[in-house]
1. Looking only at residues in the range 10-23 that are exposed (fewer than 14 other Cβ atoms within 10 Å of the Cβ) and part of a helix (DSSP H, G or I), which one is nearest to the chain's Cα centre (by Cα)?
2. Which condition breaks for A96 when tested against (1) over 15 Å from the mean Cα position of the chain (by Cα); (2) under 12 Å from T327 (Cα atoms); (3) in a helix (DSSP H, G or I); (4) of a type outside the set (F, W, Y)?
3. Keeping to the range 140-169, report how many residues are under 19 Å from V125 (Cβ atoms) and among the β-branched types (V, I, T).
4. Do we find that T175 is modelled with pLDDT of 95 or more, in contact with a helix residue (DSSP H, G or I) (Cβ under 7 Å, 6 or more places away or on another chain) and either surrounded by fewer than 23 Cβ atoms within 10 Å (Cβ to Cβ) or of a type in the set (A, V, I, L, M) (or both) in this structure?
5. Please work out if T230 is of a type in the set (S, T, Y), in the same structural domain as T194 (by TED's automatic domain parsing), under 20 Å from the mean Cα position of the chain (by Cα) and buried (at least 24 other Cβ atoms within 10 Å of the Cβ).
6. Specify the residue that is surrounded by the fewest Cβ atoms within 10 Å (Cβ to Cβ); the eligible residues are those in the range 24-78 that are hydroxyl-bearing (S, T, Y) and in a loop (DSSP other than H, G, I, E, B).
7. Do we find that S262 is hydroxyl-bearing (S, T, Y) and touching a Ser or Thr at 6+ places or on another chain (Cβ under 6 Å) in this structure?
8. Only one of A141, A160, A165, A154 is of a type in the set (A, V, I, L, M, F, W, C), farther than 26 Å from A46 by Cβ and within 20 Å of the chain's Cα centre (by Cα). Can you tell me which?
Amino acid sequence: MSTNLKPFLARLALGETLSESDAEQAFGIIMSGEATPAQIAGLLMAMRVRRETVAELTGAVRAMRARMTRIEAPPDAIDVVGTGGDNAGSLNISTAVAFVVAGLGVPVAKHGNRALSSRTGAADVLATLGIDIDLPFDRMADVLREARLVFMFAPRHHAALRHAAGPRVELGTRTIFNLLGPLANPAAVKRQLTGVFDPSWSRAMIETLANLGTTDAWVVHGQGLDELTTAGPSSVVALKDGVIREFTVTPEEAGLPVSPVSAVKGGDSAENAAALEAMLQGAPGAYRDTVALNAAATLIVAGRAGDLREGVAMALGAIDSGAAHATLQALRKATAP
């Protein structure tokens, strides 16, 4: 096995694509610290300018998964995660969805990071809410059992990515790494709702998840957000039982009112944390509706709801009964020193 990126760079310079096994080897070299910054930057940009393939995504994720720090999770665990990169600065939607879904008994192994394209990422808002995002790895499975929810802070679980951090910052543009995070859940979940910053990537991401053994997933984009939105139609590419379907969903078909994207505009971590807890305690509005819509989709992926209307009713029930907020309190207690 080569430990040199040069042969791969030579092929990419000719406009060739990498096979899945070659991509896994190339990204293994990067993540093992055996490539120079110039080589890493060259490989990333060569792929970016002619668009990364499903085989390259699959191989890169395999390399990433092989080096991540894993945690144990039940077979029905699910993740709700977005790529980021939509530059919308919205309230924390997938994080709020995690509390709602876990409140309904679905175990959620939530993968996330600090703010990248928004002002407040999942890690930022959870820390502000009093959740320990730096739990010892050997406590995570217990926290998931106790609270039905655990947060896995991406940089801790994917320490091998540090070798590409410098070139990524210096390039200052989107690379394949922006797509890999949601595809490399450290609990190896088989079900997930994933938001994407650009709907043109939805099909490639769902095909990659299928290649990696995912059984049920929706990859979604709504009106510029890496979430389903109540602002209008959202695009969905869904995987179930090996079959991929593409369709759109609307807030009307879920029984929810239409509201503009600006209605879920967020702020700093303190503002977003306050809004999230208020919503879990029953505060009405577009944030609650948007969370209910995404929770409904998550419940469909989890096999707990048959359609969006049923899922929305379940999600709103979890909020109004106090079950969703009880999950937040349980997670605070479970992660306390």
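The values are calculated or read from the model by the stated rules, or taken from the named source; none is laboratory data. This is a predicted model, so every value here is computed, not measured. Reconstructed Cβ throughout: ideal geometry from the backbone, glycine too, with neighbour counts over all protein chains shown.
1. Per the stated criteria, the residue is S21.
2. Result: A96 fails condition (1) only.
3. 2
4. no
5. Yes.
6. T36
7. The answer is no for S262.
8. A141
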